[in-house]
1. When the chain is fully extended, how far beyond the present Cα-Cα distance does R132 get from E79, taking 0.36 nm per residue of separation?
2. Please get the size of the charge dipole for segment 49-167, origin at its Cα centre, with Cβ charges of +1 on Lys and Arg and -1 on Asp and Glu, quoted in debye to the nearest 20.
3. Would you work out the relative contact order for segment 78-130, in percent, from Cα pairs under 8 angstrom that are 6 or more residues apart?
4. Please compute the net charge surrounding C119, taking Lys and Arg as +1 and Asp and Glu as -1 over other residues with Cβ under 13 Å from its Cβ.
5. How much net charge surrounds Q134 when only the other residues with a Cβ under 12 Å from the Cβ of Q134 are counted, with Lys and Arg +1 and Asp and Glu -1?
6. Looking at segment 116-178, which trypsin sites (Lys or Arg not before Pro) are DSSP coil and have at most 13 other C-beta atoms within 10 Å of their C-beta?
7. Which semi-axes, in whole Å and largest first, does the equivalent ellipsoid of segment 61-189 have when worked out from the alpha carbon gyration tensor as the square roots of 5 times its eigenvalues?
8. Could you work out the mean projected area of the convex hull around the alpha carbons of segment 74-116, in square nanometres to one decimal?
Amino acid sequence: MCASMEGASASEPRGSEAGLPKTSRRSFFGILLATGSALVGALLAVPVLRFALFPLIRQTTDVKFSPLGPVSDFASLTEPEMRTIEIEQIDGWRKAVSQKAVYVTKDRAGKLLVLTSICPHLGCTVPWKKDRNQFVCPCHGATFSPDGTRVSGPSLRGMDALDTTVQDGQLSVRFQYFRQLVPGREVIG
């Protein structure tokens with residue numbers, strides 16, 4: 001009986017002899033492990049990619065108008081008056097709230113004008129010097145008239161005027177950053 005079983009098993013082709021690859025348990029678990037690792041890696045890559053690409057996809061917020069006070073407060077201005085505004089910007093996933101100094105003054109025609117306190121030369125904060133009746137940059141000595149026009153110094157242009165609006169008797173300003181070291185006014189943020 002033992003000889004007949006040997007003869008029967010010898011006549012049946014095995015997996016590798018029949019043209020089918022012989023799969024061992026070890027290679028099956030290797031394939032299973034590789035497939036599982038690829039799936040877990042793909043699942044973990046989704047939040048990482050979203051985190052990395054989020055600032056590129058999301059638009060930055062436009063800075064809103066900030067109130068400066070009633071227009072009647074500025075009716076009798078004889079020299080620039082400094083005011084501090086609070087601005088909120090969202091850039092990507094970062095939210096920044098900062099305070100910026102601006103000057104409310106009048107142009108040559110007597111119309112209200114709001115100037116940024118940032119020097120268009122290298123970005124220093126420009127204070128108003130009452131005794132000289134000028135804005136004087138402490139960094140490189142640029143001087144500007146009360147309406148922000150360039151008087152002297154290395155700055156290529158006058159102080160930058162900001163967009164303003166009057167609603168319900170309230171003067172509001174939209175703060176923006178401008179490119180420095182260029183003769184023309186270019187908004188950068």
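Read-outs: derived from the displayed coordinates by stated rules, not from any lab. This one's a predicted model, so the numbers in the text were calculated from it and none came from an experiment. Here the Cβ is made from the backbone with ideal geometry for all residues, glycine too, and neighbour counts use every protein chain on show.
1. Working: separation 53, 0.36 × 53 = 19.08 nm, distance 1.14 nm.
Length difference between fully extended and current span is 17.9 nm.
2. Numbers: 15 positive and 12 negative charges, 53 e Å.
Roughly 260 debye, rounded to the nearest 20.
3. Working: 70 pairs, mean separation 13.9, N = 53.
This gives 26 percent for segment 78-130.
4. Details: positive: R150, R157, R179; negative: D160.
Summing Lys and Arg as +1 and Asp and Glu as -1 gives +2.
5. Details: positive: K129, K130, R132, R150; negative: E79, D131, D147.
Neighbourhood net charge equals +1.
6. Numbers: sites: K129, K130, R132, R150, R157, R174; in loops: K130, R132, R157.
Filter output for segment 116-178: K130, R132.
7. Semi-axis lengths for segment 61-189 are 23, 20, 12 Å.
8. Numbers: hull surface 14.4 nm².
Averaged projected area of segment 74-116's Cα convex hull equals 3.6 nm².
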